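The structure appears right after this line, and notes come after that.
A short reminder: the numbers here are calculations on the coordinates, not readings from a lab. For clarity, every value in this text was computed on a predicted model and none was experimentally measured. Every residue, glycine among them, receives a Cβ derived from its backbone with ideal geometry; neighbour counts consider all protein chains shown.
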C-alpha cells in the first residue's frame, strides 16, 4: 500500500514509516522542512515537502493522489503556542481530510488524543496551550465525524505518549481509560487499522495493555 503520512517527521510518523516500509508498503512522509528529508528516507519513506499551515487543498491533494490511505499524525508540539495548536492540530487536520476527499483517497486514520471530548480540568488556564490543544483536537475530530460517508475514517486517541520500546500489547476501544502508551505501539496499531476496514467510523482510545495489537484491532472492529 502507498500510505501518505501528514506530519511525516514526527516521532510516531517516523516509527510508522519504518514499520510500513519493513513490510513492503510505500510510505510517503509529508514534511515542512526539506532538511528533514534524510531522516524520513532513513526510515524508509519517500519525502514530500509541503507546509500544511500554508498549502491549499489542491496542493495537498496532489501529494495525496494515488495513495491507498492517509494518516494524519501532525501536531504543533509541546513547545508551540496556542495559535499553532489551531493551525496545525485543527486546521491542518481538516485540510488533510479535504485533500484526501478531493484526491479520491477514502481511507484516513487520524491521530488524536485520549479524553479530548471531556472538559478540561477547572484549574486549567482557558487561554493556555493545553486548553488550546484539547480544543483543537476536539474540533478536528468533530469535523471528521461530521463527514459521514465521505471518507472511511478512524480516529485513534492514544494516551500519554512515551518513547519506551514497543510492547506489542495494548488496550483499544471506546471505553479504555487514560494511561500511557509507547509511540512504537501507536504506530503498530495504525498499521493494523489500515488493514482492518471494520474499524471505519470508530473513535478508539489506546493505551498499553495485555492484548496483542492485531487481536485488539480485530476485536475493536467486531
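What percent does the relative contact order of the chain come to when contacts are Cα pairs within less than 8 Å and at least six residues apart? Could the numbers behind the result be given before it?
Numbers: 469 pairs, mean separation 40.1, N = 222.
Result for the chain is 18 percent.
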### Task
Take each of the peptides 138-151, 179-192, average the number of other beta-carbon atoms within 10 Å over its residues, and list them starting from the highest.
179-192, 138-151
### Message
Testing the spin-label approximation: label points 7 Å from Cα along Cα→Cβ at residue 33 and residue 106. State their distance in nm.
### Response
3.8
### Query
Out of (i) 10; (ii) 18; (iii) 22, which label holds the value of percent of Cα pairs over 32 Å apart that was computed here?
(i)
### Summary
quick note, the chain, DSSP beta bridge pairs, % antiparallel (nearest 5) is 20
### Query
So for region 152-211: antiparallel DSSP bridges make up what percent, rounded to the nearest 5?
40
### Task
Please report how far the C-alpha centroid of region 81-113 lies from that of region 170-214, rounded to the nearest whole angstrom.
20
### Query
If you count, for each residue, the other Cβ atoms within 10 Å and average over each peptide, how do 86-93, 47-54 line up from highest to lowest?
86-93, 47-54
### Task
Count the DSSP beta bridges whose two residues both fall in region 103-222, then state the antiparallel fraction as a percent rounded to the nearest 5.
35
### Message
Can you order the peptides 109-116, 55-62 by their average number of other Cβ atoms within 10 Å per residue, highest first?
### Response
109-116, 55-62
